[in-house]
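**Student:** Have a look at this one before I ask anything.
The values are calculated or read from the model by the stated rules, or taken from the named source; none is laboratory data. The structure displayed is predicted, hence computed values, not measured ones. Using ideal geometry, Cβ is built from the backbone for each residue, glycine included, and neighbour counts are taken over all protein chains shown.
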Amino acid sequence: MKLKNWALLLALGLLLTVLAACGGDTEESKPAEEGEQVLNFVNGDTIPTMDPSLATDQYAFQFLGSTMEGLYRLDENAQPVEGIATDHEVSDDATTWTFHLREGATWSNGDPVTAHDFVYAWQRAVDPDTGSEYGPYMMEDVIKNAKEVNTGEVEVEELGVRAEGDYTLVVELEQPVPYFESLTTFGTFLPLNQEFVEEQGDDFATSTDTLLFNGPFTLENWTSTANEWDLVKNEDYWDAETVQLDRINHVVVKDATTQVRLYEEGSVDRAGLSSDLVDQYSTHDDYNVTPEATVFYLKMNQTSNEALANDNIRKAISRAFDKEGIVNQILNNGSIVANGLVPKDFVTLPETNEDFRDVNGDLVTYDIEAAQEYWENGLEELGTDTVEIELLGDDSETAKLMSEFLANQLSTNLPGLSVKIKQVPFEQRLDLDTDMDYDLQVSGWGPDYLDPNTFLNLFVTDGGNNKMGYSNSEYDALIDEAGKELAADNVARYENFLEAEKILFEDAAIAPIYQRAQAQLISPKVEGVIRNPFGADYEYKWASVNSAE
């Protein structure tokens, strides 16, 4: 998942890079009526879209996950549990999945949720006319004909999904996909009511009035520019009796200091902590640190700068900055040093149950001596003794500190290197990334499903998220084989992933920095909130207010 604000998730739907956000300072939450279960949360930014086909960021997926429901949703153990689907069967060759949908699930306008809603939504997500980024990314090489539909080679009706009656959905895959069940919990795979969407036209998903809901909550008082909105219990949800919260009020708050002040006043029930506040509140009874499976790294554009096309120069940069200094001084929130791409405590090997990160170990570490040796070799190969590089980052306060620290470390530890910092708003950075108009860039990735592929397929040649000119045919072959010939052999798949990650760092394609954690103050009255490892950051279906508090 693309990270909002170079942290693009440097904090999680509530703390982007330590809350780089924007927005108004509305400081009074709506009071709960007697007997109501109400929570008050801050959000780091506005919600950019509520259209499942167009969503790409953490905020959109958070509120889509709260207000809508797909075939399955994640439980407290990150396992798919019943949603609109009650069960499914898989063919012997694992390429045909038949989902049985519950009768009685309805949209907020009273229409039944049917298999036709899934067919329409999935076709819409890969239809080139929609312009979806995540539709092709999530469905190509997964759903049969998704790539051919998106490139215009076949009609959208040829996508491998069909309704057999109102309550049976049949999905044909390109090949076995071991993580497909978990994919069905993701926002891109949510259903849509075709008649309603087409009736709204260009206004669809731009406000509460142009949305329909079929999940635990409805989204009230929302527009695409709103700084305040509410999640309200959906009484028409098929499992409404499970939902205990009546309302979750949200307000956009720009900085951590304001969040903490509101928390201490009792106006909000959760506040993100910036690095300077962690020391002050780390002994507070409500202090919490939540590890995440999100990794940040330097992207090195091999096409924009002659120096970065040199393997030795990239290897030098990868080893020339103090990661411990970054996690302890700049972040100070429980984040840990990253010396690989696949995060710690994310996935385990199928047979041994060993953590992927532990098995592959540290692939690139802070090492000034090695960095300078690579640097000297690189300069000699380039025939120069000076190099100028631009470092692109977001314009949030934490991002600025990060860029300044990295620039200082690199220019100090690599003689002859000059680093110019370029800081731009988040949306502009994404545009520059898409256009490959940068040298170095601080970037990050959070998983979209529970499999190493969600990280490792980022860097295949000409991949949609590569955007740095990296190409290695051996790497490509390993990832391709893992998704095709080895799709039914999970042990062999993971061996490919282990080898591919090693190649990525032998080539110094990227320079890992840290694996994120989030430091927060959370009221003890907040109970049952699930922190998901992918998809929507938080699950509120089973949350409640502790009345004893």
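**Student:** Taking helices (runs of 4 or more DSSP H) that fall entirely within segment 163-274, which contain at least 3 residues that are in contact with a Phe, Trp or Tyr (Cβ under 8 Å, 6 or more places away or on another chain) and farther than 20 Å from residue 43 by Cβ?
**Tutor:** In segment 163-274, the matching helices (runs of 4 or more DSSP H) lie at 180-183, 194-200.
**Student:** All but one of (1) surrounded by 16 or more Cβ atoms within 10 Å (Cβ to Cβ); (2) over 23 Å from the mean Cα position of the chain (by Cα); (3) farther than 18 Å from residue 318 by Cα hold for residue 384; state the number of the condition that does not hold.
**Tutor:** Unmet for residue 384, out of (1) surrounded by 16 or more Cβ atoms within 10 Å (Cβ to Cβ); (2) over 23 Å from the mean Cα position of the chain (by Cα); (3) farther than 18 Å from residue 318 by Cα: (1).
**Student:** Right, here's the next one. What single numbered condition from (1) in contact with an Asp or Glu (Cβ under 8 Å, 6 or more places away or on another chain); (2) assigned by TED's automatic domain parsing to the domain that holds residue 322; (3) in contact (Cβ under 8 Å) with a residue 12 or more places away in the chain fails to hold for residue 511?
**Tutor:** Single failed check for residue 511: (1).
**Student:** Only one residue in 212, 273 is under 26 Å from residue 114 (Cβ atoms), of a type in the set (A, V, I, L, M, F, W, C) and surrounded by 18 or more Cβ atoms within 10 Å (Cβ to Cβ). Which one?
**Tutor:** Exactly one residue qualifies, and that residue is 212.
**Student:** Examine segment 48-58 for a residue that is part of a helix (DSSP H, G or I) and either of a type in the set (A, V, I, L, M, F, W, C) or surrounded by 21 or more Cβ atoms within 10 Å (Cβ to Cβ) (or both), and state whether such a residue exists.
**Tutor:** For segment 48-58, residues part of a helix (DSSP H, G or I) and either of a type in the set (A, V, I, L, M, F, W, C) or surrounded by 21 or more Cβ atoms within 10 Å (Cβ to Cβ) (or both): present.
**Student:** While we're here: So residue 469 ticks every box in (1) free of Cβ contacts under 8 Å to residues at least 40 places away in the same chain; (2) at positive phi but one. Which box is left unticked?
**Tutor:** (1)
**Student:** Any chance segment 505-526 includes a residue that's in a helix (DSSP H, G or I) and not β-branched (Val, Ile, Thr)?
**Tutor:** Taking every residue of segment 505-526 in turn, at least one turns out to be in a helix (DSSP H, G or I) and not β-branched (Val, Ile, Thr).
**Student:** For the condition loosely packed, with under 15 Cβ neighbours inside 10 Å and either farther than 28 Å from residue 35 by Cα or aromatic (Phe, Trp, Tyr) (or both), what is the one hit in 255, 279, 322?
**Tutor:** 279
**Student:** So, one more: When you scan segment 80-142 for strands (runs of 3 or more DSSP E) that lie fully inside it, which ones turn up with 2 or more residues that are closer than 26 Å to residue 196 by Cα?
**Tutor:** Correct list: 85-90, 96-101.
**Student:** Would you mind telling me which numbered condition in (1) within 17 Å of the chain's Cα centre (by Cα); (2) modelled with pLDDT of 95 or more residue 444 fails?
**Tutor:** (2)
**Student:** Got at least one residue in segment 392-406 being of a type in the set (A, V, I, L, M), assigned to a helix (DSSP H, G or I), at pLDDT 95 or above and farther than 15 Å from residue 299 by Cβ?
**Tutor:** Taking every residue of segment 392-406 in turn, none turns out to be of a type in the set (A, V, I, L, M), assigned to a helix (DSSP H, G or I), at pLDDT 95 or above and farther than 15 Å from residue 299 by Cβ.
**Student:** Given the condition in contact with a Pro (Cβ under 9 Å, 6 or more places away or on another chain), outside the structural domain of residue 180 (by TED's automatic domain parsing), small (Gly, Ala, Ser) and surrounded by fewer than 17 Cβ atoms within 10 Å (Cβ to Cβ), answer yes or no: does some residue in segment 486-500 qualify?
**Tutor:** Checked against the condition, which is being in contact with a Pro (Cβ under 9 Å, 6 or more places away or on another chain), outside the structural domain of residue 180 (by TED's automatic domain parsing), small (Gly, Ala, Ser) and surrounded by fewer than 17 Cβ atoms within 10 Å (Cβ to Cβ), segment 486-500 yields at least one hit.
**Student:** Looking at (1) of a type in the set (Gly, Ala, Ser); (2) in contact with a strand residue (DSSP E or B) (Cβ under 7 Å, 6 or more places away or on another chain); (3) closer than 26 Å to residue 56 by Cβ, can you tell me which one residue 464 breaks?
**Tutor:** The failed condition is (2).
**Student:** How many residues are of a type in the set (Asp, Glu) and either under 20 Å from residue 485 (Cα atoms) or in contact with a Leu (Cβ under 6 Å, 6 or more places away or on another chain) (or both) when one looks only at segment 123-143?
**Tutor:** Number satisfying all stated conditions: 2.
**Student:** Within the bounds of segment 432-443, is there any residue that is farther than 24 Å from residue 321 by Cα, of a type outside the set (A, V, I, L, M) and not in a loop (DSSP other than H, G, I, E, B)?
**Tutor:** yes
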